[in-house]
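Report on the structure given below.
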Amino acid sequence: MNIDAFLDSLANARSDASFARTAAGLTSLQAYDSIRANGFDPFVHEAILDRIALDIESIPVGTSARVALDSVIQALPFWDTEGTIRIGHRSVYTALLNYGQALGDEGEWPLAENVYARVGMDAELDGETWLAAEARLLMGRACRMCADWQTSQLAYRRAYELGMDAGDMAIALRAQIGEANNLWTRGDFPAGKRLLARTAHRARHSCPTILPRVTVAMAGLANAAGEYERAIQITFDLLQTVARDDEVRYQALVDLAAYLVDYGLPSVAAKALRLVEAAAPEAGVRRHAQLNRFFLAAHHDTEQEFTASYAAFSEEVLAPRQQTQLALFAAQGYRRFSRFDSAQTSAEHALVLAKQYEFFQLVFEAETELHEIEAARTVDAIPLAPASVPPARKRRGKTLYRSTTGARPSPRIRRVAESLENMARQLGSTDGL
Amino acid sequence: MRYAVLLSPQAIARVHSVLADNGAIDVLLDTRALLAELVSPHDEGLILDPALLSTSIADTIASSIAEYPRALIAYSSVTTAALESAVILAQRTSARFVFRGTPNERSLLEQAVLLLPDINLGNDLLVLLEPNLELLPHGLRRRLTTMFRNGDGPFTPDSLAAATAVARRSLDRNLSAAGFTSARRVIEAVRVASAFRAITASRTPLGHVAMVLGYKSKRTLDTQLKLLLDITSSKLRTDPLPSSEAANRLMIQLTAREPGKYAQSDRMPQKIPGSGRALKLVVDDQSNEDARRNASADK
């Protein structure tokens, strides 16, 4: 079993929490390896699983890794159970895939890649083609996040082949979308565009359910290529057609918010996020949108709105990464409103959390924030954040939007903004938004 | 088609979105409603979350389904509670299992929900194929029986071999010894049989049925149907074949070979006595017969 990433992570762990989390994962994988090779023996394995359960207790409550690891150790005793299908094998592979996804959610992509590689190989040997295809698809993404482009491409190609073998065109086409994303992320826009166009053509004929995902990828490519208006328009058109598919609908809204921010319309972006926050069925998605909206409030809204947004988090249970981000955004907001003491406290809190959980990018950002606060204290009263956008004005029943650059958006984008406002208003009238 | 469901609200929403306009669901509020539904079935399929069932209820469901066969889908997350009931269902019924939490769970659920197996076709086919299945090793026989019953199985001969823990060549040898045409033909027959009910008894567009089956287009589905049932999907929908007739046609296409005709000893290359390393090539039965006759004439 390749456990290099786990060993690296353990060797570099700088906090007990991080060490316990990785150690529980590694021990679970070793238990899986032993059970897979020798079968489940209660005399041998029950003690190990009990030990892992104790280790899991030390992982913070609310983290997805804790839930996923719990499900792995619950599934392992059923490994040898067979019925008309190998139910034990299927459940363990599914639990491990969930664990990989949980690691991905927490930014532990090298560890996730290890888990996916293992599941992909074992499931394929077991003849569980569908699960193997799924594992390779996820591995492709994990490798991309680790900037391991070559392995990512290999994983996506294998996912494509296995998806076709499993008779699941959706997996095969998603693998092609992943490969196209690889291409444009590295700057090869024409090749990415060609592959996406080809995938869209195939999806239209053989698997229309995957078309929205192709469109999402096309919008991402357009945004990365600087065609902001096109990205917004594509995503907005997509929103009109995916009323039933919650997963794509809320992903499209979050993407749309990101493109609107890039275009310079944070107030409209906040409306899109508000829609997600109010209506997304999954708590994780709602919380993510809420956090993004808080970021926008910290950088663009009035002090009153910023304080109200911050207060909304008081009763939320957040994962460690989200806690760190919240503290960091709060520091940025306080600095913008010249409340330097609160900003300093928040930034220091973010730094402590980031160091404790080893979110190195956030450590860097928190340290930068502390320097910025120090600089702002000395200069004082110089606006450091981007100028806030004046609220949209009404004239003859029409809303006038203005971007952060002061330019007026094109009529197409104005229509998008107005539609989003209408959607928010409709939702508000039913849900008390 | 109508489905009785006992699931969490989130899972019900997922089933709703997968079904779209292709079926209706009756939500069962608790296990008492489920037991009532088992005794007097109103719906064609059952979609259950094993985590909501105790092991005794799972036992009752298994017994009831043995008495009144119908399609069963178990849709749950991976927890001890769910697995304890799921194991009972897996051992005593031909339920299809969809575990929650994978990114493409939707397509697997769609396959399970829209391609409900036709219980009569499965039973008729298994009765017709019994002499052939009897000749297979236990593991392979069990796997094929499940595949014909619930339509859930590997899509390539290689994955079928891996799933039954035999080498690909052994799989081919076992199947041909039992009189099956080929592993590929068996897999295609399972695929076509799994779509039989969706074609004959539902209003799901045929193009969508082809897509859920993993075919490129309706034309590919028609090619397979023509090959195995000698009928196109449109014709099958307007004028459904009786399940016994469909089973008969499938059986003929599946067993073009006579069981035992190609016994392993006949197909294995044999050493020619006293000729060192030379091998006698396997020839067809007629030539074998001629060779034997010549040898006895020489004596």
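Look at A:M139 and say whether it is in contact with an Asp or Glu (Cβ under 7 Å, 6 or more places away or on another chain) and more than 10 Å from chain B (Cβ to nearest Cβ). Yes: the conditions hold for A:M139. Once the stretch B:142-185 is narrowed to residues that are under 19 Å from A:L162 (Cβ atoms) and β-branched (V, I, T), the residue that is nearest to the other protein chains (Cβ to nearest Cβ) is B:T156.
With respect to being under 20 Å from A:A166 (Cβ atoms), at the interface with chain B (Cβ under 9 Å from one of its Cβ atoms) and among the aliphatic types (A, V, I, L, M), A:L125 fits the description. Restricted to strands (runs of 3 or more DSSP E) entirely inside the stretch B:1-104, those with at least 3 residues that are more than 10 Å from chain A (Cβ to nearest Cβ) are B:2-6, B:24-27, B:45-48, B:71-76. Collect the residues in the stretch A:250-273 that are farther than 15 Å from A:F295 by Cβ and among the small types (G, A, S), keeping them in residue-number order. Within the stretch A:250-273, A:A252, A:G264 meet the criteria. Checked against (1) away from chain B (no Cβ under 14 Å); (2) open to solvent by 20 Å² or more (accessible area, probe 1.4 Å), A:L265 meets all criteria but (2).
Take the residues in the stretch A:81-102 that are open to solvent by 10 Å² or more (accessible area, probe 1.4 Å) and closer than 14 Å to B:S76 by Cβ, then tell me which one is farthest from the other protein chains (Cβ to nearest Cβ). Out of the qualifying residues, it is A:R90.
Of all the criteria given as (1) more than 21 Å from A:Y160 (Cα to Cα); (2) open to solvent by 10 Å² or more (accessible area, probe 1.4 Å), the one not satisfied by A:K193 is (1).
Against the test of being more than 23 Å from A:L69 (Cβ to Cβ), open to solvent by less than 10 Å² (accessible area, probe 1.4 Å) and in contact with a helix residue (DSSP H, G or I) (Cβ under 9 Å, 6 or more places away or on another chain), the options A:A132, A:A175 yield a single qualifying residue, A:A175. I'd like the full set of residues that are open to solvent by 30 Å² or more (accessible area, probe 1.4 Å), assigned to a helix (DSSP H, G or I) and either within 19 Å of A:A132 (Cα to Cα) or among the hydrophobic types (A, V, I, L, M, F, W, C) (or both), limited to the stretch B:132-176. Those that are open to solvent by 30 Å² or more (accessible area, probe 1.4 Å), assigned to a helix (DSSP H, G or I) and either within 19 Å of A:A132 (Cα to Cα) or among the hydrophobic types (A, V, I, L, M, F, W, C) (or both): B:D158, B:R168.
In the stretch A:280-299, of all residues being over 18 Å from the mean Cα position of the chain (by Cα) and either surrounded by 22 or more Cβ atoms within 10 Å (Cβ to Cβ) or of a type in the set (A, V, I, L, M, F, W, C) (or both), the one that is nearest to A:L256 (Cα to Cα) corresponds to A:A297. Note on the stretch A:41-78: among residues that are open to solvent by less than 10 Å² (accessible area, probe 1.4 Å) and under 30 Å from B:M147 (Cα atoms), the one that is farthest from the chain's Cα centre (by Cα) is A:L76. In the set (1) in contact with a strand residue (DSSP E or B) (Cβ under 7 Å, 6 or more places away or on another chain); (2) surrounded by fewer than 19 Cβ atoms within 10 Å (Cβ to Cβ), the condition left unmet by B:T55 is number (1). In the stretch A:283-380, counting only helices (runs of 4 or more DSSP H) that sit wholly within it, the ones holding 2 or more residues that are more than 30 Å from A:E247 (Cβ to Cβ) and not charged (D, E, K, R) span A:303-311, A:320-336, A:340-357, A:360-379.
The values are calculated or read from the model by the stated rules, or taken from the named source; none is laboratory data. In this text, all values refer to a predicted model and were calculated from it rather than measured experimentally. FYI the Cβ positions are ideal-geometry reconstructions off the backbone, even for glycines, and counts take in every protein chain you see. What goes into the accessible areas is simple: the full protein's heavy atoms, side chains included, and nothing from ligands, DNA or RNA. Shrake-Rupley method; radii C 1.70, N 1.55, O 1.52, S 1.80 Å.
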